[in-house]
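Worksheet for the structure shown next.
The values are calculated or read from the model by the stated rules, or taken from the named source; none is laboratory data. None of the values given here were measured: they were computed from a predicted structure. Reconstructed Cβ throughout: ideal geometry from the backbone, glycine too, with neighbour counts over all protein chains shown.
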Amino acid sequence: MNVQLKRLVRQQYNDHVHRLLQDNAHSSTFKPGDKGTIPRETLIDFVEKAYDQIKSENIRKRWIAEAFNKCGLNPWGDDTCFLKHLDQLNEIGMYKALTEAHTAEVLERRV
């Protein structure tokens, strides 16, 4: 999600700079390599809009919820997606070699 959030904020920043450069008052003083300043309120607006866009997309596609399912961290779901993911990992030679080299220890609860 962070990568997508940064991409959307960067896109809004680039659009903002493009609009500033189209304004003759700003473009005459702006030289290649110069960095523009962005008011804090504008930056917060960029982040809010990006977050809203991610949220609306996630409502349709549910990719965040699916990530919790895949990791076995959904307390309301079953573990079938997680177990399927583990089975797919076993098909990868390196992961399989790592897991076969280790044995599980049985820990007994002593009172």
Tell me, yes or no, whether the stretch 29-44 has at least one residue that is surrounded by 11 or more Cβ atoms within 10 Å (Cβ to Cβ) and either among the charged types (D, E, K, R) or touching an Asp or Glu at 6+ places or on another chain (Cβ under 6 Å) (or both).
-> no
Scan the stretch 89-102 residue by residue and report those that are closer than 24 Å to Lys70 by Cα and modelled with pLDDT of 75 or more.
-> Leu89, Glu91, Ile92, Gly93, Met94, Tyr95, Lys96, Ala97, Leu98, Thr99, Glu100, His102
Residue ranges of helices (runs of 4 or more DSSP H) in the stretch 31-111 with at least 2 members under 30 Å from Arg19 (Cβ atoms) and more than 19 Å from the chain's Cα centre (by Cα) = 40-61
Those residues that are within 25 Å of Val3 (Cβ to Cβ) and either surrounded by 13 or more Cβ atoms within 10 Å (Cβ to Cβ) or touching a helix residue (DSSP H, G or I) at 6+ places or on another chain (Cβ under 9 Å) (or both), I need them from the stretch 87-109; list them, please.
-> Leu89, Tyr95
